[in-house]
Amino acid sequence: MEHSKGAAGAVTDTYAKERVWLLMPTWLMLSILVVIPVLIMLVYSFLTKEFRGGVIWEFTFAAYDQFFFDRGLFGDEPVKIEWTYISIYWRSIWQAGLATVLSLLLGFPTAYYIATRPQNSRAVWVFLITIPYWVNLLIRTVSMKFLLRENGPLNDFLLMIEVIDEPLRLINTALAVQLGLFYSYLPFMVLPIYASIERYNFTLSEAASDLYATKFATLTRVILPSIKPGVIAGCILVFVPSLGAFLAPDLLGGAKNFMIGSLIEEQFKGSAGNWPFGAAASMILLSMVLILLMVFSRQQKKAQPQGGQ
């Protein structure tokens, strides 16, 4: 079976007839591990909360109503917007966005440095970037808490060199959460950008220099447009997990720095949990992520070079 590509010629698809069967294991795993759980969550978001936990199979919009509207303790007061949960979502978006920006600011020069090393040493640099992340995320987050606490190594060092007079209170602050997110997902920014820079044709930079372009102009008008797909992929890989993270907010942020992941987690814990509300909050988060991915996907397509027709 041949697929015409115009002037580019034709490509023979040897396994055209077997394609469905070859993809069947992937479709099956995606259905079991992704599609079915999401559908279950969607159904649960429209059910009624059972007093002792779990759900009652009576369909209602109460969970979504609870998320967006405040009707008072007994539901008989004038309807007002429920800003509590909206503010948690906004805080999560802000923290995830800032973590993405910080990861990009540090990850881009790191990836560029690694990609411009001699071929035989690049694997060592990539190994050094990834080796701390062989340890479980929970252990790394607890280690971060130990590092930042008032009598931890960071404060002891700053006191020793007399930068501060008394220990800094970092735990249970937005800064601690931000450091936790940044530390957790930095490699997800470095590796896609590194892969893009490694494939970049550096003769383009030399040509720009020959045409008297400044280093800044070469960076912004030659290098960045060429590696834009890697930058977009890195931003997605950092922003999406940061948006739903709950370990860093729980262990480093405390109650005042609640994020979406913590809110959802609380709804499924113990007999006091509200499963339909947790499912509704999850579906709202999923909808936000899907919208963002669609926007990034459009940007990714624009960044791809257009081939001949």
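Observations on the structure shown:
- Residue match in region 140-156 (condition: under 26 Å from VAL289 (Cβ atoms) and of a type outside the set (A, V, I, L, M)): yes
- Test for ARG117: is it over 19 Å from the mean Cα position of the chain (by Cα) and either at pLDDT below 90 or not aliphatic (A, V, I, L, M) (or both): yes
- Hits in region 80-96 (condition: loosely packed, with under 14 Cβ neighbours inside 10 Å and either in contact with a Leu (Cβ under 9 Å, 6 or more places away or on another chain) or not aliphatic (A, V, I, L, M) (or both)): LYS80, TRP83, THR84, SER87, TRP90, TRP94
- Residue within region 70-93 that is within 19 Å of the chain's Cα centre (by Cα), of a type outside the set (Gly, Ala, Ser), closer than 17 Å to TYR185 by Cβ and modelled with pLDDT of 90 or more present: yes
- Residue count for region 233-261 under the criterion of being more than 22 Å from SER282 (Cα to Cα) and surrounded by fewer than 22 Cβ atoms within 10 Å (Cβ to Cβ): the result is 1.
- In region 8-16, the condition of being assigned to a helix (DSSP H, G or I), touching a Gly at 6+ places or on another chain (Cβ under 8 Å) and at pLDDT below 85 is met by at least one residue.
- Total residues in region 109-149 satisfying the condition of being exposed (fewer than 13 other Cβ atoms within 10 Å of the Cβ), among the β-branched types (Val, Ile, Thr) and within 23 Å of ALA176 (Cβ to Cβ): the figure is 2.
- For region 265-297, a residue qualifies if it is hydrophobic (A, V, I, L, M, F, W, C) and within 12 Å of TYR44 (Cβ to Cβ), and the qualifying residues are PHE268, TRP275, PHE277, ALA279, ALA280, ALA281, MET283.
- Filter result (polar (S, T, N, Q), farther than 20 Å from THR84 by Cα and either outside any helix (DSSP H, G or I) or free of Cβ contacts under 8 Å to residues at least 60 places away in the same chain (or both)) within region 241-299: SER271, SER297
- Subset of region 23-79 (residues that are of a type in the set (Val, Ile, Thr) and exposed (fewer than 11 other Cβ atoms within 10 Å of the Cβ)): THR26, ILE32, VAL34
The values are calculated or read from the model by the stated rules, or taken from the named source; none is laboratory data. Owing to the predicted nature of the structure, the values given are computational and were not obtained by experimental measurement. Ideal geometry is used to build each Cβ from the backbone, glycine not excepted, and the neighbour counts take in all protein chains shown.
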